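Written below as C-alpha cells is the structure these notes are about.
The values are calculated or read from the model by the stated rules, or taken from the named source; none is laboratory data. Everything quoted here is computed from the prediction, not taken from an experiment. Heads up, the Cβs are rebuilt from the backbone with ideal geometry, glycines too, and the neighbour counts pull from every protein chain shown.
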C-alpha cells in the first residue's frame with residue numbers, strides 16, 4: 001500500500017482518547033502512567049517498571065525527558081480544573097523524582113521505588129471520582 005494514499009479508518013479515530021472530556025482525560029492519564037511506571041516486569045523479582053525507570057538510566061537527558069512526561073500528567077490535571085494545592089503536590093512529586101534522578105545510582109533506585117506518576121494518577125483519579133463520577137472504571 002502506498003503511504004501517500006493510505007487513509008485512516010474513522011473508527012480508529014473514534015477509539016483514540018483525544019477528546020477534552022473527563023473520560024478521555026482519564027484514559028490518557030491512565031495509559032501514560034502505565035507506560036511510565038508499569039510497562040515491563042523485571043524477571044526474577046516480578047516488579048513492574050516502565051519508561052520512567054528506563055529513561056532514568058540515561059544520565060541527565062533521560063531524567064529530563066522522564067520529568068517532562070511526568071509534567072504532562074500535571075498539565076492534564078490543570079486542564080481538569082484541579083486545585084492549585086493538588087497541582088503543587090503533583091509538581092512536588094515530579095520535582096522530587098527529577099532531583100533524585102540526577103544522583104547517580106541513587107536516582108535509579110529511587111525510580112524503582114518512588115513512583116511519582118502513580119502517585120499523581122492517584123490524585124487525578126480521586127478528583128475525577130469526586131467531580132466526574134461517570135468516568136470511573138473498574139480495575140480488574
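Quick look at the numbers
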quantity: Failed item in (1) surrounded by 12 or more Cβ atoms within 10 Å (Cβ to Cβ); (2) part of a helix (DSSP H, G or I); (3) free of Cβ contacts under 8 Å to residues at least 40 places away in the same chain, with residue 118 passing the rest; calculated: (3)
quantity: Those residues of region 73-92 which are surrounded by 12 or more Cβ atoms within 10 Å (Cβ to Cβ), touching a helix residue (DSSP H, G or I) at 6+ places or on another chain (Cβ under 8 Å) and either free of Cβ contacts under 8 Å to residues at least 24 places away in the same chain or over 25 Å from residue 42 (Cβ atoms) (or both), in sequence order; calculated: 74, 76, 77, 78, 80, 82, 86, 87, 89, 90, 91
quantity: Sole residue being in contact with a helix residue (DSSP H, G or I) (Cβ under 6 Å, 6 or more places away or on another chain), over 20 Å from residue 125 (Cα atoms), part of a helix (DSSP H, G or I) and modelled with pLDDT of 90 or more, chosen from 70, 62, 95; calculated: 62
quantity: Residues being surrounded by fewer than 21 Cβ atoms within 10 Å (Cβ to Cβ) and in contact with a helix residue (DSSP H, G or I) (Cβ under 9 Å, 6 or more places away or on another chain) - total across region 99-109; calculated: 7
quantity: Only listed residue being modelled with pLDDT under 90, touching a helix residue (DSSP H, G or I) at 6+ places or on another chain (Cβ under 7 Å) and closer than 19 Å to residue 23 by Cα, chosen from 132, 127; calculated: 132
quantity: Residue identified as more than 11 Å from the chain's Cα centre (by Cα), more than 24 Å from residue 21 (Cα to Cα) and part of a helix (DSSP H, G or I) among 85, 53; calculated: 53
quantity: Residue check, residue 11 assigned to a helix (DSSP H, G or I) and either at pLDDT 80 or above or within 11 Å of the chain's Cα centre (by Cα) (or both); calculated: no
quantity: Test: residue in region 107-115 that is touching a residue at least 60 places away in the same chain (Cβ under 8 Å), assigned to a loop (DSSP other than H, G, I, E, B) and within 15 Å of the chain's Cα centre (by Cα); calculated: yes
